[in-house]
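Have a look at the structure below, then the notes.
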Amino acid sequence: KKRVVRGGKRFVGGYRSAYPRLPDLGKTQSHIWAERTRVDIDRGYLRGDFKGHGGGFIKNGAGHGETVIDGHCEIRGDNWVLRGVTITGNIDIKGNNNDLSGCQVFGRVKVRGSRNKTP
């Protein structure tokens, strides 16, 4: 059973059973933390929040339901692109020119800034 996403919760959790066929890639930040780099994220299940601060670049997942971040997504900066990823929690963007329109999101989306694209 999936847990309900709540705004104040820092780690969503509880979605692992919904994606049993995906390999466990470990903690989210250890895979996609680098800023100003292009990262291709493997097919798999990542646990924990994604936090992008400063200037970003492109992070490509393997597709909806193939790369899963079981946590929230926080962007504090400009020019982040995240696509081909399922995010089980909320997205919170504060910046400009960020593109998360290629993501599947189970939680809420909050945006502050201009020229941002969201699902």
- Give the cross-link partners of Lys117 among the aspartates and glutamates, using a straight C-alpha distance below 16 Å as the criterion and excluding same-chain residues fewer than 8 apart. Glu74, Asp78, Asp92, Asp99
- Highest mean first, what order results for 94-102, 43-51, 17-25, 82-90 on Cβ atoms within 10 Å? 82-90, 43-51, 94-102, 17-25
- Query: Residues of region 24-119: accessible area per residue at 1.4 Å, in Å²?
  - Reply: 44
- Using a 1.4 Å probe on the protein chains only, how many percent of the accessible area of region 30-102 belongs to carbon and sulfur? 46
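The values are calculated or read from the model by the stated rules, or taken from the named source; none is laboratory data. Worth saying up front: this structure is predicted, and the values here are computed from it rather than measured. In this analysis, Cβ positions are derived from the backbone assuming ideal geometry, glycine residues included, and neighbour counts consider all displayed protein chains. Accessible surface is based on the protein model in full, side chains and every heavy atom, while ligands, DNA and RNA are left aside. Shrake-Rupley method; radii C 1.70, N 1.55, O 1.52, S 1.80 Å.
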